[in-house]
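To start, the structure itself, in structure tokens.
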Amino acid sequence: SDSTKNVLGYSASEFTNTEGFSYVHPDDLGLAKESLVNLVTKNVKVSKIDLRVKHKSGDWIWVQSRGVNMLEEPNIEAVMINFRDITKEKEIDNAKNEFIALAAHQLRTPPTIIKWSIERILASKNIKAGKEDKAYLDDINNANERLINLINALLDTTRIETKTFISQPELLNIALLSQGVIK
């Protein structure tokens, strides 16, 4: 097909009568096979997946593969697969994720220093802080904790996208949480 030539560099004759899965990156092979099985056996009409495929040049490129089940169509009776090169999109996405992770790690340092400083001030016997001063320090500490949680959430988004996120559910006191938000 045209997408095979334009995206992968192979002519239709080069691609005909070859094991299509032999062009798929080993890490994406399971996904590719599952997608085809779903198209053929589970009455799925369209399947779209992102995977790495070997270009004629020998390079691995990212493609979006769109499979359409046309087995029931007279005169066609086949599964049609088209490719779209998404290598640049993946590179940009990876660069964005790396930047967010780096920025979030860099953003962690100042709030951590603020947290330690506030804890030291509050724990110090030498500092004579009044109730109002202590309330301000508590407010600063609470705002700083929210900032730390926001930075951690930003890091979690990069972990989700890179599939390294581990969910750790925890119980929350919703009334206490609501009071803090209202304050």
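The values are calculated or read from the model by the stated rules, or taken from the named source; none is laboratory data. Just so you know, these numbers come straight off a predicted model, no measurement behind them. Cβ placement follows ideal geometry from the backbone for every residue including glycine, while neighbour counts extend to all protein chains displayed. Ligands, DNA and RNA are stripped out before the accessible areas are found, and what is left, the full protein with its side chains, is counted by its heavy atoms. Shrake-Rupley method; radii C 1.70, N 1.55, O 1.52, S 1.80 Å.
Six or more apart or on different chains, Cβ atoms under 7 Å: show the pairs whose first residue is in region 4-24 and in contact (Cβ under 8 Å) with a residue 60 or more places away in the chain and surrounded by 11 or more Cβ atoms within 10 Å (Cβ to Cβ) and whose second is part of a helix (DSSP H, G or I) and of a type outside the set (Gly, Ala, Ser).
Listed pairs, sorted by first residue: THR4/PHE15.
Select from region 121-136 the residues that are at pLDDT below 85 and in a helix (DSSP H, G or I) and write down the one among them that is least open to solvent (accessible area, probe 1.4 Å).
Result: ALA135.
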